[in-house]
Amino acid sequence: MNVTQKILSAHLVSGELIPGSEIAIRIDQTLTQDSTGTMAYLQFEAMGVDRVKTEKSIAYIDHNTLQTGFENADDHKYIATVTGKHGIYLSKPGNGICHQVQLERIGKPGKTLLGSDSHTPTGGALGMIAIGAGGLDVAVAMGGGAYYLSCPSVVNVRLTGQLQRGVAAKDVILELLRRLSVKGGVGKVMEYTGPGMSTLSIPERATITNMGAELGATTSVFPSDDVTAAFLKAQGRAEDFIPLTADEDAIYEETVEIDLSALVPMVALPHMPDNVRTVEEAGQIKVDQVCIGSCTNSSYLDMMRVAAILKGRTVHPDVSLVIAPGSRQVLSMLSKNGALHDMIEAGARICETACGFCIGMGQSPSTNAVSVRTNNRNFFGRSGTKSAGIYLVSCETAAATALTGVLTDPRTVDANLNVAMPESFLYNDNLIIPPVAEDKAADAEVVRGPNIKPFPKADALADSLQGSVLLKMEDNITTDHIMPSDSSLLPFRSNIPKLSEHCLAPVDPTFPARAKEAGGGFLLAGQNYGQGSSREHAALVPLYLKIRGVLAKSFARIHRANLINNGILPLEFVSETDYDRFDQTDAIALPGVRQLVESGETLIPVENLTKGFTVLMKLDLTERQRGMILAGGLINMIAQQNR
């Protein structure tokens, strides 16, 4: 077996490891962050489970750290108290970005991790099956329930050679995105093998597994080998190591070959992570801002290479440079060894160890600016400035660019980039707060601020459905389009009514008002609808607006699951040309839809009442998913089962 099959088979609760079939796996660890966590814990409470059943669950506060009002602080207080009561650890603000800290202090080879953040696959660098999911799926896993997914096929990404000086792990995943696109990993696990693998450190592997989410992959995984053992030993966690590699005769559905020694510095141009060119091809683009950090590129190795490039030099006068180390561990080590001093002296602004600019939480660029960043997504408007162009690069390219003021190949900079992994990291877990003891949990108070509102629940599926197409959209609509996530809206993650005023506004500012006036209806979309973040709000807010179904050419994996979890029909065109036959404002009907779903029918007739035709649409659901749709979502189904 390959590594993926070994871990999945060891955790298999039901199903068979046949690609495309439904399987259920046991989850060892979960993580949430404060942007998705508040809703996940409200849902966990609604399930009525007193104590988490996982080996370890941890809540991170790393997203909504800009406290310009009471809302974020109230959410933090709620998360701190609800987690303590129910047996969940808390990583306080300032301890770092969830994926970086999880890698350093929590993750274990051979384990399964489910996180309410789409970049949870970062954990695959340690030899874990780490999957991003909606908050409700994570809540169920915390309660001891299995995680259901379509069994992925496994792609062998075979690495040979060794990265040249100035070429980074970021360039590996950008090359994969250039070849495969943002849809190239759908339904797949990217498993890394080959002799080149041993040349990559755990932080470098983490950059690759982290941004594998942009391929649409279920997850990405490296084996657990000598490199893994050395990293865990340096973190004081040698006892967590187990060897885990693919068998010599392991079978893969596909193979992709990458010669690391042939790679050059790459850049993803606006507004999609797969719009990739070499830095040389892109040319010397004038740059206004450089942002270094995020869960993709904020490790100790990343920061040390940035410091080496900046040392003794000054940031270009036209460039604003901000740097956000990924964890308190990283920041502490930079402070102790003098690298932080080199950054500050060069003119960098040091931000807190949090998600920050990556999610539009501060550092929005100026009008029409070019911003070069080391994060994983450059979706339109995500930075908080719609007119800005966001370019994704490695830390080395970003630092070199900050010095010259134009997009720059880091190989042209004279600096020692040969940074060694430390034999021992500085670690201090005093900001990871253990939960209340179980015998005292009953008396623990959960504090809820006035911004926390109940989450919406769907009604059971009606016998028939009818309504208008409220919005027609193009391909690659992201969760940032569906439910924007900038600094002005993140404080309202626990307030669905407030968020509903902004649903799909980047596509059509009139949509929220029209949806409310119509009392609900349907959405029409192109390919890969709902790509990007795992945010469940992209399903919960349409649910609040009484969206009954989405008609699309195809769906992104996590968003499709979130729609089903919340009782919204994900309908796919049998013939993509039928998409063109529908227009916004068309009245449509799904007669007898409940009976069709009950019977397991996979082709659903959709009548266009305005134009007088009927098309068949795919509704390919497992038995369990049918139960959710019929009940009006997973929470309703669980409640029915517990009666």
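Quick note: the coordinates plus some simple rules give every number you see, no bench work behind them. Since the structure is predicted, the reported quantities are computational estimates derived from the model, not experimental observations. In this analysis, Cβ positions are derived from the backbone assuming ideal geometry, glycine residues included, and neighbour counts consider all displayed protein chains.
Under the definition of Cα pairs under 8 Å and six or more residues apart, what whole-number percent is the relative contact order of segment 266-412?
Numbers: 339 pairs, mean separation 51.6, N = 147.
Reported as a whole number, the value is 35 percent.
Whole-Hz Karplus values for segment 579-595 come out as 3, 5, 7, 9, 10, 4, 5, 4, 8, 10, 9, 10, x, x, 5, 5, 5 Hz, taken residue by residue from phi with 6.51 cos²θ - 1.76 cosθ + 1.60 and θ = phi - 60°; glycine and proline positions read x.
In percent, rounded to a whole number, the relative contact order of the chain is 14, using alpha-carbon pairs under 8 Å and six or more apart.
Think of segment 3-262 as having a plus end and a minus end, set by charges on the Cβ of Lys, Arg, Asp and Glu; of T255, P152, I79, I79 sits farthest toward the positive end of this dipole. For M473, the residues 5 or more places off, or on other chains, whose built amide H falls under 5 Å of its own are L524, A525, G526.
For the set K170/K336; K56/K92; K56/K453, the pairs lying more than 19 angstrom apart at their alpha carbons are K170/K336; K56/K453. Karplus-based coupling profile of segment 226-234, in residue order and whole Hz: 4, 5, 5, 4, 5, 5, 5, 4, 5, with θ = phi - 60° in 6.51 cos²θ - 1.76 cosθ + 1.60 and x standing for Gly or Pro.
For the ranges 286-295, 569-578, 134-143, what's the packing order if you count other beta-carbon atoms within 10 Å of each residue, average per peptide, and put the highest first? List each step's numbers first, then the result.
Working: 286-295: 25.6, 569-578: 18.1, 134-143: 28.1.
Ranked from most to least packed, the peptides come out as 134-143, 286-295, 569-578.
The alpha carbon centroids of segment 328-392 and segment 155-233 are separated by 23 Å.
Given A213, T36, S599, which one lies farthest toward the positive end of the charge dipole of the chain, if we put +1 on the Cβ of every Lys and Arg and -1 on the Cβ of every Asp and Glu? Selected residue: T36.
State, as an integer percentage, the relative contact order of segment 465-641 based on alpha-carbon contacts under 8 Å between residues 6 or more apart.
23
Let me know the charge dipole size of segment 465-641 about its Cα centre in debye, to the nearest 20, where only the beta-carbon of Lys, Arg (+1) and Asp, Glu (-1) is charged. Mind dumping the intermediate values first?
On the way: 17 positive and 19 negative charges, 96 e Å.
The calculation lands at about 460 debye.
When a/c reaches 1.5 or more, the comparison of a/b and b/c decides; with that in mind, is segment 3-262 rounded, prolate or oblate per its Cα gyration tensor? Prolate, since a/c reaches 1.5 and a/b exceeds b/c. Summary of the geometry: segment 92-116 and segment 20-84, compared by the centres of their Cα atoms, lie 13 Å apart.
Seen from Q43, the other residues with C-beta closer than 12 Å to its C-beta sum to a net charge of -2, counting Lys and Arg as +1 and Asp and Glu as -1. Once you sort the root eigenvalues of the Cα gyration tensor of segment 266-412 as a ≥ b ≥ c, which label holds: rounded (a/c under 1.5), prolate (a/b larger than b/c) or oblate (the other case)? Since a/c reaches 1.5 and a/b is larger than b/c, the shape of segment 266-412 is classed as prolate.
Reported to the nearest whole Å, the Cα centre-to-centre distance from segment 474-521 to segment 558-605 is 21. Classify segment 465-641: rounded, prolate or oblate, from the alpha-carbon gyration tensor (a ≥ b ≥ c, eigenvalue square roots; a/c under 1.5 rounded; otherwise prolate if a/b is larger than b/c)? Oblate, because a/c is 1.5 or more while a/b does not exceed b/c. Annotation: amide H-H contacts under 5 Å for T193 (H modelled 1.01 Å from N, sequence separation of 5 or more, or interchain): V157, R158, L159.
Less than 5 angstrom separates the built amide H of Q67 from none of the residues sequence-distant by 5 or more or on a different chain. Around T610, what is the net charge, scoring Lys/Arg as +1 and Asp/Glu as -1 over all other residues with Cβ under 12 Å from its Cβ? That works out to -1. Within the same chain, lysines fewer than 8 places from K618 are excluded, and of the rest, those with a Cα less than 29 Å from its Cα are K183, K188, K457, K472, K516, K546, K553. Comparing I359, G312, N297 along the charge dipole axis of segment 266-412, the residue lying farthest to the positive side is I359, per the Cβ-charge model.
What does the charge dipole of segment 134-211 about its Cα centre add up to, to the nearest 20 debye, if the Cβ of each Lys and Arg holds +1 and the Cβ of each Asp and Glu holds -1? Mind dumping the intermediate values first?
Values: 8 positive and 5 negative charges, 53 e Å.
Here the size comes out at about 260 debye.
How long are the semi-axes of the equivalent ellipsoid of segment 261-313, taking √(5λ) for every eigenvalue λ of the Cα gyration tensor, in whole Å from largest down? Before the final figure, lay out the partial values.
Values: eigenvalues 92, 42, 38 Å².
The answer is 21, 15, 14 Å, longest axis first.
The magnitude of the dipole of the chain, with charges of +1 and -1 set on the Cβ of Lys/Arg and Asp/Glu and taken from the Cα centre, is near 980 debye. R382 sits among other residues whose Cβ lies under 12 Å from its own Cβ, and their net charge, with Lys and Arg +1 and Asp and Glu -1, is +1.
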